[in-house]
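The structure under discussion appears below in the form of C-alpha coordinates.
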Amino acid sequence: MLKKTAGAIIGCLLASSPVYATQGLAFVHGTGSQTDAYNDYWTGDFVNSVNKGLADASKYTVINCDFDQYMWDEKAAGCLADQLNSFISQQNITDLVLITHSNGGNVARWILSNPTYDSRYPGIINKVSKTIALAPSSGGTPLADAAIQGNVFESTLGWLLGYDSDAVIQQQESWMAYYNDTWLYGTSGRPSLPSTFKSVVGSDVDSAIWDSDSYCGGYQNQVALETTQNWLDSCSDGFLNCSSQSAAGTTWFKDKDKTDGREPLSHQQSRRTCFSLDKIIRNDI
(Lines give C-alpha, C1' and ligand atoms only; values in the text may rest on other atoms or scores of the structure.)
Protein backbone atom coordinates (compact mmCIF):
# COMPACT_ATOMS: atom_id res chain seq x y z
CA MET A 1 0.00 0.00 0.00
CA LEU A 2 2.83 2.39 0.95
CA LYS A 3 4.62 1.58 -2.32
CA LYS A 4 1.49 2.35 -4.30
CA THR A 5 0.96 5.61 -2.44
CA ALA A 6 4.58 6.64 -2.93
CA GLY A 7 4.36 5.77 -6.59
CA ALA A 8 1.20 7.80 -6.98
CA ILE A 9 2.80 10.82 -5.29
CA ILE A 10 5.88 10.62 -7.50
CA GLY A 11 3.68 10.29 -10.56
CA CYS A 12 1.71 13.39 -9.59
CA LEU A 13 4.89 15.37 -8.98
CA LEU A 14 6.28 14.42 -12.37
CA ALA A 15 3.01 15.25 -14.08
CA SER A 16 2.86 18.65 -12.43
CA SER A 17 6.50 19.55 -13.11
CA PRO A 18 6.80 22.52 -15.48
CA VAL A 19 7.85 21.77 -19.05
CA TYR A 20 10.34 24.43 -20.07
CA ALA A 21 10.42 25.58 -23.66
CA THR A 22 13.67 25.50 -25.55
CA GLN A 23 13.71 28.88 -27.24
CA GLY A 24 15.59 29.47 -30.43
CA LEU A 25 16.25 32.44 -32.67
CA ALA A 26 16.59 32.61 -36.44
CA PHE A 27 17.93 35.61 -38.34
CA VAL A 28 16.31 35.82 -41.80
CA HIS A 29 18.00 38.17 -44.28
CA GLY A 30 16.36 40.25 -46.99
CA THR A 31 16.69 40.40 -50.77
CA GLY A 32 19.89 38.88 -52.12
CA SER A 33 21.67 35.57 -52.30
CA GLN A 34 23.60 35.04 -49.09
CA THR A 35 26.31 32.54 -48.19
CA ASP A 36 27.64 34.32 -45.08
CA ALA A 37 24.80 36.49 -43.82
CA TYR A 38 26.29 36.48 -40.32
CA ASN A 39 29.14 38.69 -41.50
CA ASP A 40 27.89 40.18 -44.75
CA TYR A 41 24.29 41.03 -43.91
CA TRP A 42 23.79 41.29 -40.14
CA THR A 43 27.31 41.50 -38.67
CA GLY A 44 28.43 39.55 -35.63
CA ASP A 45 27.93 42.60 -33.40
CA PHE A 46 24.21 42.60 -34.10
CA VAL A 47 23.68 38.84 -33.90
CA ASN A 48 25.72 38.38 -30.75
CA SER A 49 23.95 41.20 -28.98
CA VAL A 50 20.41 40.14 -29.88
CA ASN A 51 20.97 36.47 -29.02
CA LYS A 52 21.75 37.41 -25.43
CA GLY A 53 18.00 37.62 -25.00
CA LEU A 54 17.89 33.82 -25.10
CA ALA A 55 18.27 31.61 -22.02
CA ASP A 56 20.98 29.83 -24.05
CA ALA A 57 22.68 32.30 -26.40
CA SER A 58 23.97 29.45 -28.56
CA LYS A 59 20.44 28.51 -29.69
CA TYR A 60 20.39 30.63 -32.81
CA THR A 61 20.84 30.22 -36.54
CA VAL A 62 21.62 32.66 -39.33
CA ILE A 63 19.83 31.81 -42.56
CA ASN A 64 21.68 31.78 -45.89
CA CYS A 65 19.37 31.48 -48.89
CA ASP A 66 18.77 32.94 -52.33
CA PHE A 67 16.13 35.59 -51.77
CA ASP A 68 16.59 37.03 -55.24
CA GLN A 69 13.83 34.58 -56.17
CA TYR A 70 10.07 34.82 -55.78
CA MET A 71 9.18 34.22 -52.13
CA TRP A 72 7.62 30.79 -52.81
CA ASP A 73 10.57 29.55 -54.87
CA GLU A 74 12.46 26.46 -53.69
CA LYS A 75 15.62 28.54 -53.38
CA ALA A 76 13.77 31.03 -51.17
CA ALA A 77 10.95 29.58 -49.04
CA GLY A 78 12.14 26.01 -49.67
CA CYS A 79 15.65 26.86 -48.52
CA LEU A 80 14.33 28.76 -45.50
CA ALA A 81 12.07 25.84 -44.57
CA ASP A 82 14.93 23.35 -44.80
CA GLN A 83 17.27 25.43 -42.66
CA LEU A 84 14.63 26.22 -40.04
CA ASN A 85 13.53 22.59 -39.77
CA SER A 86 17.13 21.43 -39.42
CA PHE A 87 17.72 24.00 -36.68
CA ILE A 88 14.52 23.01 -34.86
CA SER A 89 15.41 19.33 -35.04
CA GLN A 90 19.10 19.59 -34.16
CA GLN A 91 18.59 21.99 -31.25
CA ASN A 92 15.25 20.56 -30.03
CA ILE A 93 13.63 23.98 -30.39
CA THR A 94 10.07 24.22 -29.09
CA ASP A 95 9.69 28.03 -29.27
CA LEU A 96 11.12 29.76 -32.33
CA VAL A 97 11.46 33.52 -32.74
CA LEU A 98 12.17 34.86 -36.21
CA ILE A 99 14.09 38.08 -36.76
CA THR A 100 13.48 39.10 -40.37
CA HIS A 101 14.64 42.07 -42.37
CA SER A 102 13.02 43.62 -45.42
CA ASN A 103 11.93 40.99 -48.00
CA GLY A 104 12.83 38.24 -45.53
CA GLY A 105 9.57 39.09 -43.83
CA ASN A 106 7.69 38.23 -47.03
CA VAL A 107 9.40 34.86 -47.37
CA ALA A 108 8.63 34.05 -43.73
CA ARG A 109 5.05 35.24 -44.14
CA TRP A 110 4.66 32.99 -47.19
CA ILE A 111 5.48 29.95 -45.05
CA LEU A 112 3.29 31.11 -42.15
CA SER A 113 0.36 31.78 -44.50
CA ASN A 114 0.41 28.55 -46.50
CA PRO A 115 0.52 25.47 -44.22
CA THR A 116 -0.77 23.12 -46.92
CA TYR A 117 1.50 24.37 -49.70
CA ASP A 118 4.51 22.34 -48.58
CA SER A 119 4.89 19.47 -46.11
CA ARG A 120 7.89 21.23 -44.56
CA TYR A 121 5.83 24.23 -43.45
CA PRO A 122 3.59 22.91 -40.61
CA GLY A 123 6.51 21.91 -38.39
CA ILE A 124 7.81 25.46 -38.59
CA ILE A 125 4.42 27.12 -38.12
CA ASN A 126 3.82 25.05 -34.97
CA LYS A 127 7.09 26.24 -33.45
CA VAL A 128 7.14 29.93 -34.37
CA SER A 129 5.88 32.02 -31.46
CA LYS A 130 6.56 35.40 -33.03
CA THR A 131 8.25 37.21 -35.86
CA ILE A 132 10.02 40.49 -35.25
CA ALA A 133 9.99 42.02 -38.71
CA LEU A 134 12.56 44.77 -39.16
CA ALA A 135 11.51 47.14 -41.94
CA PRO A 136 9.44 44.48 -43.74
CA SER A 137 8.49 45.18 -47.35
CA SER A 138 4.97 43.88 -46.72
CA GLY A 139 3.37 46.32 -49.13
CA GLY A 140 6.19 46.47 -51.66
CA THR A 141 8.09 49.58 -52.68
CA PRO A 142 7.87 52.20 -55.45
CA LEU A 143 11.60 51.66 -55.92
CA ALA A 144 10.91 48.19 -57.30
CA ASP A 145 8.46 49.70 -59.79
CA ALA A 146 11.02 52.35 -60.72
CA ALA A 147 13.81 49.80 -61.13
CA ILE A 148 11.73 47.45 -63.29
CA GLN A 149 10.51 50.34 -65.43
CA GLY A 150 14.05 51.61 -65.87
CA ASN A 151 13.47 54.98 -64.20
CA VAL A 152 16.30 54.77 -61.68
CA PHE A 153 20.01 54.45 -62.38
CA GLU A 154 21.30 50.98 -61.56
CA SER A 155 24.29 52.52 -59.79
CA THR A 156 21.86 54.07 -57.30
CA LEU A 157 19.66 51.07 -56.65
CA GLY A 158 21.79 48.09 -57.58
CA TRP A 159 23.33 47.54 -54.14
CA LEU A 160 19.90 47.80 -52.53
CA LEU A 161 17.62 45.94 -54.90
CA GLY A 162 19.80 43.52 -56.82
CA TYR A 163 18.73 45.03 -60.15
CA ASP A 164 15.86 43.22 -61.89
CA SER A 165 15.68 39.94 -59.99
CA ASP A 166 12.43 38.07 -59.41
CA ALA A 167 12.43 39.38 -55.83
CA VAL A 168 12.44 42.95 -57.13
CA ILE A 169 9.62 42.17 -59.57
CA GLN A 170 7.66 40.65 -56.68
CA GLN A 171 8.13 43.75 -54.51
CA GLN A 172 6.39 46.07 -56.93
CA GLU A 173 3.47 47.61 -55.07
CA SER A 174 0.73 46.20 -57.33
CA TRP A 175 2.26 42.73 -57.18
CA MET A 176 2.46 42.75 -53.38
CA ALA A 177 -1.13 44.01 -53.23
CA TYR A 178 -2.18 40.95 -55.24
CA TYR A 179 -0.22 38.52 -53.04
CA ASN A 180 -1.56 40.16 -49.89
CA ASP A 181 -5.12 39.76 -51.18
CA THR A 182 -4.75 36.15 -52.27
CA TRP A 183 -1.84 34.18 -50.82
CA LEU A 184 -0.60 35.99 -47.73
CA TYR A 185 -2.13 36.49 -44.30
CA GLY A 186 -1.83 39.38 -41.90
CA THR A 187 -2.89 42.40 -43.95
CA SER A 188 -6.15 44.33 -43.68
CA GLY A 189 -9.20 42.22 -44.54
CA ARG A 190 -7.22 38.98 -44.59
CA PRO A 191 -6.98 36.16 -42.02
CA SER A 192 -4.56 36.73 -39.17
CA LEU A 193 -1.20 35.03 -39.17
CA PRO A 194 -0.93 32.00 -36.86
CA SER A 195 1.54 33.79 -34.57
CA THR A 196 2.58 37.32 -33.69
CA PHE A 197 4.10 39.30 -36.56
CA LYS A 198 5.20 42.71 -35.35
CA SER A 199 7.11 45.33 -37.27
CA VAL A 200 9.80 47.85 -36.50
CA VAL A 201 9.22 50.80 -38.82
CA GLY A 202 12.02 53.04 -40.07
CA SER A 203 10.83 56.57 -40.78
CA ASP A 204 13.72 58.63 -42.15
CA VAL A 205 17.35 58.79 -43.30
CA ASP A 206 20.01 61.04 -41.79
CA SER A 207 23.04 61.69 -43.96
CA ALA A 208 24.46 64.99 -42.70
CA ILE A 209 28.22 64.69 -42.97
CA TRP A 210 28.72 66.49 -39.63
CA ASP A 211 26.31 64.20 -37.76
CA SER A 212 28.00 61.12 -36.24
CA ASP A 213 24.67 59.27 -36.29
CA SER A 214 24.81 59.30 -40.08
CA TYR A 215 27.81 56.96 -40.00
CA CYS A 216 26.12 54.05 -38.23
CA GLY A 217 25.69 51.35 -40.85
CA GLY A 218 28.01 53.09 -43.29
CA TYR A 219 27.86 56.71 -44.43
CA GLN A 220 27.81 55.89 -48.16
CA ASN A 221 24.72 53.75 -47.63
CA GLN A 222 23.02 56.66 -45.88
CA VAL A 223 23.78 58.97 -48.80
CA ALA A 224 22.39 56.44 -51.29
CA LEU A 225 19.24 55.95 -49.21
CA GLU A 226 18.80 59.71 -48.95
CA THR A 227 18.80 59.78 -52.76
CA THR A 228 16.23 57.01 -53.13
CA GLN A 229 13.91 58.84 -50.75
CA ASN A 230 13.04 61.02 -53.73
CA TRP A 231 10.80 58.18 -54.95
CA LEU A 232 9.17 57.65 -51.56
CA ASP A 233 6.83 59.30 -49.08
CA SER A 234 8.03 61.73 -46.44
CA CYS A 235 7.84 58.85 -43.95
CA SER A 236 10.25 56.22 -45.29
CA ASP A 237 13.55 54.52 -44.49
CA GLY A 238 15.08 55.17 -47.90
CA PHE A 239 13.79 51.91 -49.35
CA LEU A 240 10.28 51.45 -47.98
CA ASN A 241 7.41 53.74 -47.14
CA CYS A 242 6.23 53.50 -43.56
CA SER A 243 2.86 52.31 -44.86
CA SER A 244 4.50 49.28 -46.49
CA GLN A 245 6.41 48.40 -43.34
CA SER A 246 3.15 48.56 -41.36
CA ALA A 247 0.98 46.68 -43.85
CA ALA A 248 1.14 43.22 -42.20
CA GLY A 249 0.63 42.16 -38.61
CA THR A 250 1.01 44.93 -36.06
CA THR A 251 3.44 47.79 -35.69
CA TRP A 252 5.60 47.19 -32.64
CA PHE A 253 7.13 50.66 -32.81
CA LYS A 254 8.25 53.39 -35.14
CA ASP A 255 11.99 53.96 -34.74
CA LYS A 256 11.96 57.29 -32.90
CA ASP A 257 9.54 55.95 -30.28
CA LYS A 258 12.23 53.72 -28.77
CA THR A 259 15.68 54.41 -30.23
CA ASP A 260 18.43 56.23 -28.35
CA GLY A 261 18.21 59.95 -28.99
CA ARG A 262 14.93 59.35 -30.88
CA GLU A 263 17.03 58.69 -33.96
CA PRO A 264 15.44 57.39 -37.18
CA LEU A 265 16.46 54.03 -38.61
CA SER A 266 17.30 53.88 -42.29
CA HIS A 267 16.82 50.62 -44.15
CA GLN A 268 20.49 49.81 -43.63
CA GLN A 269 20.50 50.77 -39.96
CA SER A 270 17.54 48.52 -39.15
CA ARG A 271 19.87 45.50 -39.35
CA ARG A 272 22.67 47.02 -37.31
CA THR A 273 23.42 47.89 -33.69
CA CYS A 274 22.35 51.47 -34.30
CA PHE A 275 20.80 53.53 -31.51
CA SER A 276 20.32 50.45 -29.25
CA LEU A 277 18.06 48.63 -31.71
CA ASP A 278 19.82 45.38 -30.80
CA LYS A 279 19.12 45.89 -27.09
CA ILE A 280 15.47 46.74 -27.72
CA ILE A 281 15.01 43.49 -29.64
CA ARG A 282 17.04 41.49 -27.11
CA ASN A 283 14.85 42.68 -24.25
CA ASP A 284 11.73 41.58 -26.10
CA ILE A 285 12.91 38.03 -26.70
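Quick one: how many Å² of LYS59 are accessible to a 1.4 Å probe, rounded to 10?
Surface open to solvent at LYS59 totals about 40 Å².
Hey, can you rank 262-268, 192-198 by average C-beta count inside 10 Å, highest first?
Descending mean neighbour count gives 262-268, 192-198.
Just to confirm the number: angle between the C-alpha axis of helix 219-228 and the first principal axis of the chain, 0 to 90 degrees, nearest 10?
70 degrees
Quick one: length gained pulling LYS256 to ALA55 fully straight, 0.36 nm per residue minus the C-alpha distance?
Net length gain for the segment: 69.5 nm.
For the chain, take the longest principal axis of its alpha carbons; what is the angle in degrees between that and the long axis of helix 79-91, to the nearest 10 within 0 to 90?
30 degrees
So, for region 133-285, what is the accessible surface per residue at a probe of 1.4 Å, expressed in square angstrom?
42 Å²
From the phi of every residue in region 53-63, what ³J(HN,Hα) in whole Hz does the Karplus formula 6.51 cos²θ - 1.76 cosθ + 1.60 yield, where θ is phi - 60° and glycine or proline is x?
The phi angles translate into x, 7, 4, 10, 5, 7, 8, 9, 9, 10, 6 Hz.
Share of the chain's accessible area from carbon and sulfur, percent, 1.4 Å?
Carbon and sulfur: 50 percent of the exposed surface of the chain.
Determine, for each peptide in 278-285, 106-113, the mean count of other beta carbons within 10 angstrom over its residues, then list the peptides with the highest first.
106-113, 278-285
Using only Cα atoms and rounding to the nearest 10 degrees, what angle (0 to 90) does helix 173-182 make with the longest principal axis of the chain?
That helix lies at roughly 30 degrees to the long axis.
May I ask what percent, to the nearest 5, of DSSP beta bridges between residues of the chain are antiparallel?
Approximately 10 percent, going by the DSSP bridge assignments.
THR100 accessible area, nearest 10 Å², 1.4 Å probe?
THR100 exposes around 0 Å² with every protein chain in place.
Lysine pairs in the chain with alpha-carbon atoms under 13 Å apart, 8 or more places apart or on different chains: how many are there?
Close lysine pairs found across the chain: 4.
Could you state the orientation-averaged shadow area of the convex hull built on the Cα atoms of the chain, in nm² to one decimal?
17.1 nm²
Let me know the charge dipole size of the chain about its Cα centre in debye, to the nearest 20, where only the beta-carbon of Lys, Arg (+1) and Asp, Glu (-1) is charged.
Charge dipole of the chain: 1700 debye, to the nearest 20.
The values are calculated or read from the model by the stated rules, or taken from the named source; none is laboratory data. Quick caveat, the model's predicted, so the values are computed rather than measured. Note that each Cβ is placed from the backbone with ideal geometry, even for glycine, and that neighbours are counted across all protein chains shown. Note: areas computed on protein heavy atoms with side chains; ligands, DNA, RNA excluded. Shrake-Rupley method; radii C 1.70, N 1.55, O 1.52, S 1.80 Å.
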